[in-house]
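Below you'll find the structure, written out as structure tokens, and then a few comments.
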Amino acid sequence: MGKTLTEKILEKHLVSGAFIPGEEIAIRIDQTLTQDATGTMAYLQFEAMHVPAVQTELSVSYIDHNTVQIGFENADDHRYLRDVARRYGIYLSRAGNGICHQVHLERFGKPGKTLIGSDSHTPTGGALGMIAIGAGGLDVALAMAGRPFYLTCPQVVRVELKGKLPDFCSAKDVILKVLSIFTTKGNVGQVFEYGGPGVATLTVPERATITNMGAECGVTTSIFPSDEMTRLFLAAQEREADWAELKADPNASYARTVAIDLSSLEPLTAKPHSPDNIATVREMGAIEVNQVCIGSCTNSSYKDLVTVAKLLKGKVAHPGISFIIATGSRQVMENLARDGYLADLIASGARIMENACGFCIGNSQSPPSGGVSLRTSNRNFMGRSGTKDAQVYLVSPETAAAAVITGRFTDPRDLGIAYPSVAMPRSFHLDDSLILIPPKGSDPEVVIHRGPNIGAPPHNDPLPEILAGEVTIKVGDKITTDHIIPAGARMKYRSNIPKYAEFVFEPIDEKFHLRAEEIRRAGRHNVIVAGLSYGQGSSREHAAICPMYLGVKAVIAKSFERIHAANLINFGILPLTFVSEDDYGRLDQGDRLEIKNLPGNLSADGSLHVENLTKGFTFRVKYELTARQKKMILAGGAINSL
Ligand code: MIC
Ligand code: SF4
């Protein structure tokens, strides 16, 4: 039997276990990436491991998320990250150089390598034929310390692409189609491996849009073969030597195959408030639009922006539209400038932002109250834009440009203009001067500056004998990490857990932290009850650390998303699932719950009895924990168990 590309790369990196889907494996990690919003905590944890220098082939620290500096906090984080990078042998991509995923694709990703990153969109690197996985900061810190990365061996799903994209349809429409098929839940433990004749028609940046948003499906990662297109992209980056041809065997077998005919696609959108709420742009009618944001790590390649520049040439943004552009990297921005397209975009009324996450994470450019915002980014969760009642739609750059012209939702095919086909350049103008290369190994002389907002990672106690719990909050399905611990304006507290913890569940229930403190003071443990797919979205481990800090010991959900479940375990919080989902309906906020003899019961058969003391009934929950994870949970988290 032949092998999938996923299996080939994972097998080459296996440290323990075998390629048996569903079983735990450990793999060697070649490359890591962090970004500033998750990186500070990751490096604080790395420092606590007392390893003299990073043990990977390459580790890169990016400053791209918290680049709006209102107050000293973010600037202090940037300075800390610069010092830590030099001290421990980490490359530093300075603020202004671009978004981690785009820059990593351009300058560092390599076919056949493994990459983990403390950001859920790390799978963007799969566009180059590498296994690139999003993880919590602690897992990345462990990889930098030379330890393997543990994951559930994935099932490989083949997405077979046929045909060729029609005019005015682009990679965003492909991944929105994928999201309409797979949705944002139920794909945990899978890898989407792209294949078929349609693959050859897509450039690496287009593939990157697709692998990037695979994160919205909740898969472990997505991957494309490394082929002639990959070679051309790497050659354009003067990195042809990094290229190798990689593909699945023709007789490889897959858990499932889904075919998509690119030729039959039409412009799509993800309606508020979920990336899988898909409709055609035509179906939307002529809804009035207030804001258009083009950029983010999903759609801000050179080709994306040149297409927009060409569509808008000679036109000015409709008076009703605030038109925002945030390019993915300094390289893209500089090439647009050198080729004259930046001038065209400025002439069309674009408000040019930094090469950074910016609007995507809601730390700037929030839309007006109740406003409609069309964005080329990857997430439209409620409130993420910074405006609670805004209506955010995810669209392709082509559809975004059409709305800039008309002020309304418009199918770009109805603009009545010819589609500007844009080829990927044979070579990009390259300038890595904003990447600081560290000295080989470590430099113990470097003084690490820490501002007053940077605290040590918090301590957790071992798991108690008896969980004397109270349901602090009961939430529904598809709760994202943006609900659990918001980003945007709150993100500057990432390095200050006591302060950041005040915002746990802020978008749903501002009083959560007060209740949690009260329950903890009363000597009880906080328990969160949730529906399906708990912890979607961002990889931020703060969605586990801050609840841990507030005394949360267990989350009982119908199901969990992968990165969040791993983060909960890393920080000593039990992820439990209902044996019978009906029991979800029988629980309410305030119910007292008890689980007896936790250490003893955890080592048994994978299920636990929970007594509802308030209502007088018992129900069963299950857990899927390996021996390694049980040890970690019992110790109160990974740091304690180390
Ligand atoms: C996101 O897109 O939600 C983020 C902000 O990039 C997060 C990381 C973070 O919360 O810092 C992610 O995707 O993991
Ligand atoms: Fe940044 Fe948005 Fe990409 Fe997250 S999804 S890395 S916030 S651009």
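The values are calculated or read from the model by the stated rules, or taken from the named source; none is laboratory data. Since the structure is predicted, the reported quantities are computational estimates derived from the model, not experimental observations. Glycine also receives a Cβ, built like all others from the backbone with ideal geometry; neighbour counts cover every protein chain displayed. To get the accessible areas, we keep the full protein, side chains included, count just its heavy atoms, and leave off ligands, DNA and RNA. Shrake-Rupley method; radii C 1.70, N 1.55, O 1.52, S 1.80 Å.
What the table shows:
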| item | result |
| --- | --- |
| Only one of HIS101, HIS78 that is surrounded by fewer than 24 Cβ atoms within 10 Å (Cβ to Cβ) and either out of contact with any strand residue (DSSP E or B) (no Cβ under 6 Å at 6 or more places or on another chain) or touching a residue at least 12 places away in the same chain (Cβ under 8 Å) (or both) | HIS78 |
| Only listed residue being part of a strand (DSSP E or B) and touching a residue at least 40 places away in the same chain (Cβ under 8 Å), chosen from ILE181, ILE116 | ILE116 |
| Counted residues, the stretch 327-356 - those being β-branched (Val, Ile, Thr) and surrounded by 19 or more Cβ atoms within 10 Å (Cβ to Cβ) | 2 |
| GLY314 vs. criteria out of contact with any Lys or Arg (no Cβ under 8 Å at 6 or more places or on another chain) and within 16 Å of ligand 2 (Cβ to nearest atom) | no |
| Failed criterion for GLY89 (all others in (1) of a type in the set (Gly, Ala, Ser); (2) touching a helix residue (DSSP H, G or I) at 6+ places or on another chain (Cβ under 9 Å); (3) more than 16 Å from ligand 1 (Cβ to nearest atom) hold) | (2) |
| Residues (within 16 Å of ligand 2 (Cβ to nearest atom) and part of a loop (DSSP other than H, G, I, E, B)) located in the stretch 95-113 | ALA95, GLY96, ASN97, ILE99, PHE108, GLY109 |
| Subset of the stretch 53-67 that is farther than 15 Å from SER442 by Cα and out of contact with any strand residue (DSSP E or B) (no Cβ under 6 Å at 6 or more places or on another chain) - its residue that is surrounded by the fewest Cβ atoms within 10 Å (Cβ to Cβ) | THR67 |
| Test: residue in the stretch 246-258 that is under 16 Å from LEU176 (Cα atoms) and either surrounded by fewer than 19 Cβ atoms within 10 Å (Cβ to Cβ) or in contact (Cβ under 8 Å) with a residue 60 or more places away in the chain (or both) | yes |
| Considering residues of the stretch 357-386 that are aliphatic (A, V, I, L, M) and either open to solvent by 10 Å² or more (accessible area, probe 1.4 Å) or within 10 Å of ligand 2 (Cβ to nearest atom) (or both) only, the residue farthest from the chain's Cα centre (by Cα) | VAL372 |
| Some residue of the stretch 135-147 being more than 19 Å from LEU14 (Cβ to Cβ), assigned to a helix (DSSP H, G or I) and within 16 Å of ligand 2 (Cβ to nearest atom) | yes |
| So ILE545, is it over 25 Å from THR40 (Cβ atoms) and not in a loop (DSSP other than H, G, I, E, B) | no |
| Yes/no for GLY585 being open to solvent by 40 Å² or more (accessible area, probe 1.4 Å), farther than 19 Å from ILE639 by Cβ, without any contact (Cβ under 8 Å) to a residue 40 or more places away in the chain and not charged (D, E, K, R) | yes |
| Selection status of ASP443, modelled with pLDDT of 95 or more, touching a Lys or Arg at 6+ places or on another chain (Cβ under 7 Å), in a loop (DSSP other than H, G, I, E, B) and under 21 Å from ILE90 (Cβ atoms) | no |
| Residue in the stretch 555-576 that is nearest to GLN190 (Cα to Cα), counting only those that are among the polar types (S, T, N, Q) and within 16 Å of ligand 1 (Cβ to nearest atom) | ASN567 |
| Failed criterion for MET382 (all others in (1) away from ligand 1 (no atom under 16 Å from the Cβ); (2) of a type in the set (A, V, I, L, M); (3) in contact with a helix residue (DSSP H, G or I) (Cβ under 9 Å, 6 or more places away or on another chain) hold) | (1) |
| Residue satisfying condition, being open to solvent by less than 10 Å² (accessible area, probe 1.4 Å) and either of a type in the set (Val, Ile, Thr) or in contact with a Phe, Trp or Tyr (Cβ under 6 Å, 6 or more places away or on another chain) (or both), within set VAL579, VAL610 | VAL610 |
| Condition met for SER300 (open to solvent by less than 50 Å² (accessible area, probe 1.4 Å), within 16 Å of ligand 1 (Cβ to nearest atom) and either touching a helix residue (DSSP H, G or I) at 6+ places or on another chain (Cβ under 9 Å) or touching a residue at least 12 places away in the same chain (Cβ under 8 Å) (or both)) | yes |
| ILE324 being free of Cβ contacts under 8 Å to residues at least 60 places away in the same chain, surrounded by fewer than 18 Cβ atoms within 10 Å (Cβ to Cβ) and away from ligand 1 (no atom under 16 Å from the Cβ) | no |
| Residue count for the stretch 125-146, restricted to those that are over 16 Å from PRO225 (Cβ atoms) and either open to solvent by less than 10 Å² (accessible area, probe 1.4 Å) or hydrophobic (A, V, I, L, M, F, W, C) (or both) | 12 |
| Residue satisfying condition, being open to solvent by 20 Å² or more (accessible area, probe 1.4 Å), free of Cβ contacts under 8 Å to residues at least 60 places away in the same chain and more than 28 Å from GLY383 (Cβ to Cβ), within set GLU228, GLU266, GLU238, GLU283 | GLU228 |
| Number of the exception - VAL188 against (1) outside any strand (DSSP E or B); (2) open to solvent by less than 10 Å² (accessible area, probe 1.4 Å) | (2) |
| Every pair of residues 6+ apart whose Cβ atoms lie under 9 Å, when the first sits in the stretch 414-428 and is among the hydrophobic types (A, V, I, L, M, F, W, C) while the second is in a loop (DSSP other than H, G, I, E, B) and open to solvent by 70 Å² or more (accessible area, probe 1.4 Å) | ALA418/ASP167; PHE428/GLU238 |
| Flag if ILE20 is among the aliphatic types (A, V, I, L, M), open to solvent by 10 Å² or more (accessible area, probe 1.4 Å) and at pLDDT 95 or above | yes |
| Checking ILE508 against (1) out of contact with any Leu (no Cβ under 9 Å at 6 or more places or on another chain); (2) in a helix (DSSP H, G or I); (3) of a type outside the set (Gly, Ala, Ser), the condition it does not meet | (2) |
